[in-house]
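To start, the structure itself, in structure tokens.
The values are calculated or read from the model by the stated rules, or taken from the named source; none is laboratory data. Computed from a predicted structure; not experimentally measured. So basically every Cβ, Gly included, is an ideal-geometry build from the backbone, and we count neighbours across all protein chains shown. Just so you know, the surface numbers come from the protein's heavy atoms only, side chains and all, with ligands and any DNA or RNA stripped out. Shrake-Rupley method; radii C 1.70, N 1.55, O 1.52, S 1.80 Å.
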Amino acid sequence: MSVESLKTHTVEAAWAQYDAVDAGPSGLNAFLAVDREGSLAAARASATSASTADLAGVPVAIKDNLATLTLPTTCGSRILEGYVSPYEATAVRKLRDAGAIVIGKTNMDEFAMGSSTENSAYGPTRNPVDRTRVPGGSSGGSAAAVAAGVVRLALGSETGGSVRQPAAFCGIVGVKPTYGRVSRFGLVAYASSLDHVGVFARNVHDAALGLEIIAGHDPYDATCASQPVPPLRESAVLLDRTQPLAGLVVGRPVEYFTDALDIRIRAHCDASLERLRALGAEVRDVSLPHTALAIPVYYVLAPAEASSNLARYDGVRYGLRANADGLREMYERTRSGGFGAEVTRRILLGTYVLSAGYYDAYYRRAQTVRTLITQDFERVFASGVHVLFTPTAPTPAFRIGEVSDPYDMYLSDIYTVTANLAGIPAMSQPIGLVDGLPVGGQFMAARFDETTMFKAAAALEHAMGMEIGA
Ligand code: GLN
């Protein structure tokens with residue numbers, strides 16, 4: 001539960017655990033690239049320096065869509081196979097500046113498009129809790145690496161739930177900050193108005209610490225906010241252990257508790273709400289009336305932005321280039337050979353909704369509804385509600401290969417895409433088990449109010465006493 005729990009994990013211990021869990025046919029396949037020698041050398045240097053930095057010597061793992069100087073950044077795609085960035089993502093640099101040691105890059109759905117990590121060009125990641133199941137996605141490699149104890153802190157990214165949903169499936173904590181709280185310099189763009197950098201950890205305090213370290217203004221990212229970063233790690237420390245949430249109003253959005261929700265997950269959410277009451281909070285039913293439109297809106301806007309962002313993979317500027325006689329044929333062969341089926345589907349979908357004649361019917365309308373969804377949240381937070389509590393995902397982790405229809409896969413994001421559309425902070429934490437599989441509960445808060453979110457999450461975590469590996 002403390003900084004020490006993060007700091008007591010060493011690079012040597014990370015490699016021992018990696019060797020035990022990651023490789024081989026039934027291994028997790030959580031990593032796409034690792035730096036064993038470099039990280040061990042950095043660990044030795046850190047030990048001799050006796051640094052007192054927050055993360056001195058702490059092994060961390062980085063999702064493969066965050067640029068790193070020495071290891072490749074492939075985004076789980078063939079089109080970027082072997083690509084090494086000439087610069088480093090700000091979030092990665094900030095972790096290193098705090099003393100952390102990057103041990104490797106983690107597996108992900110190609111270009112972060114997916115909810116299971118099965119869309120990786122380099123094979124799926126397995127869920128450490130049950131290796132026949134997916135770890136969630138798209139940041140499944142980072143979630144699995146933390147859940148399996150290889151690292152205790154990892155970076156992921158979120159466009160529609162890619163940190164929270166895998167955190168829920170793997171039984172760990174995953175945080176998506178406010179849009180603009182963390183620099184996205186060096187995060188490979190998927191849908192820029194929705195993309196965020198997020199963190200995975202095994203408890204609320206470590207997640208808050210990780211976020212505090214990577215947050216803050218960055219002149220290299222024009223969308224990064226200049227708001228000062230509050231002491232987030234302190235917000236996750238419980239001062240009053242009996243009624244820590246006295247005065248806190250927790251909203252229960254009724255639209256998140258419908259028939260789509262597995263009744264066993266619902267029961268765990270109800271039990272958590274009961275715990276929040278016992279901790280002193282007032283629980284209030286609230287309505288976010290446009291919730292049902294979030295998935296259709298997201299799956300118009302995200303592909304539209306993706307179709308534009310992914311135009312840069314043309315065989316000239318980055319990575320793969322196919323042999324061809326002419327330029328046009330080279331583009332076609334590079335892109336159809338380099339992108340997988342889901343990425344191709346999104347590019348086609350996005351190009352379609354942006355095309356003349358359809359722009360107003362799809363893209364503009366989706367933008368309008370996005371504003372309504374954002375206003376739903378603003379209204380609730382303005383009415384005196386401090387945080388919202390919901391399930392993170394409608395089901396526990398499914399089996400590898402079980403969900404084959406893309407639309408069914410999209411539905412696993414129904415409770416998470418809303419926070420990306422509205423730009424508000426949100427997080428998932430373990431709240432129970434269903435048939436031995438982890439269930440995640442989600443807190444959401446008003447823009448830039450991560451402090452209240454962590455306070456509520458830390459109190460619930462304490463009440464549950466179920467930190468993984470504690
Ligand atoms: N599953 C969603 C998608 O495929 C969200 C992914 C993400 O957050 N990167 O777009």
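Remarks
- Which numbered condition Gly136 misses (of (1) under 15 Å from Asn65 (Cβ atoms); (2) open to solvent by less than 10 Å² (accessible area, probe 1.4 Å); (3) not in a strand (DSSP E or B)): (1)
Matching residues to (1) more than 16 Å from the ligand (Cβ to nearest atom); (2) under 30 Å from Ser26 (Cα atoms):
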{"site": "Ser404", "(1), (2)": "no, yes"}
{"site": "Asp408", "(1), (2)": "no, yes"}
{"site": "Gly423", "(1), (2)": "no, no"}
{"site": "Ser428", "(1), (2)": "no, yes"}
{"site": "Leu437", "(1), (2)": "yes, yes"}
{"site": "Phe443", "(1), (2)": "yes, no"}
{"site": "Arg447", "(1), (2)": "yes, no"}
{"site": "Leu460", "(1), (2)": "yes, no"}
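- Val146 satisfies every condition listed in (1) more than 24 Å from Arg447 (Cβ to Cβ); (2) touching a Gly at 6+ places or on another chain (Cβ under 7 Å) except (2).
- Checking each residue in the range 224-257 for being open to solvent by 60 Å² or more (accessible area, probe 1.4 Å) and among the hydroxyl-bearing types (Ser, Thr, Tyr) picks out Ser226, Thr242.
- Filter result for Ser142 (part of a helix (DSSP H, G or I), within 16 Å of the ligand (Cβ to nearest atom) and crowded, with 24+ Cβ neighbours inside 10 Å): yes
- One residue from Thr416, Thr392 being touching a strand residue (DSSP E or B) at 6+ places or on another chain (Cβ under 8 Å), open to solvent by less than 10 Å² (accessible area, probe 1.4 Å), within 25 Å of Ala278 (Cβ to Cβ) and within 15 Å of the ligand (Cβ to nearest atom): Thr392
- Condition met for Leu95 (more than 16 Å from the ligand (Cβ to nearest atom), modelled with pLDDT of 95 or more and in contact with an Asp or Glu (Cβ under 7 Å, 6 or more places away or on another chain)): no
- Residue tally, condition open to solvent by 90 Å² or more (accessible area, probe 1.4 Å) and either closer than 23 Å to Ser85 by Cα or not in a loop (DSSP other than H, G, I, E, B) (or both), over the range 314-335: 6
- Considering Ala281, Ala294, Ala304, the condition of being small (Gly, Ala, Ser), within 15 Å of Asn420 (Cα to Cα) and open to solvent by less than 30 Å² (accessible area, probe 1.4 Å) is satisfied by Ala294 alone.
- Among residues of the range 87-109 being charged (D, E, K, R) and within 25 Å of Ala50 (Cα to Cα), the one that is surrounded by the most Cβ atoms within 10 Å (Cβ to Cβ) is Lys94.
Matching residues to (1) within 16 Å of the ligand (Cβ to nearest atom); (2) modelled with pLDDT of 95 or more; (3) in contact with a strand residue (DSSP E or B) (Cβ under 8 Å, 6 or more places away or on another chain):
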residue	(1), (2), (3)
Asn119	yes, yes, no
Val146	no, yes, yes
Val150	no, yes, yes
Gly160	yes, yes, no
Ala168	yes, yes, yes
Ala189	yes, yes, no
Val197	yes, yes, yes
Glu212	no, yes, no
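- Counted residues, the range 439-470 - those being open to solvent by 10 Å² or more (accessible area, probe 1.4 Å) and not aliphatic (A, V, I, L, M): 11
- Of all residues in the range 346-371, those satisfying the criterion of being part of a helix (DSSP H, G or I) and surrounded by fewer than 17 Cβ atoms within 10 Å (Cβ to Cβ) are Leu348, Thr351, Tyr352, Tyr359, Asp360, Ala361, Arg364, Arg365, Gln367, Thr368, Thr371.
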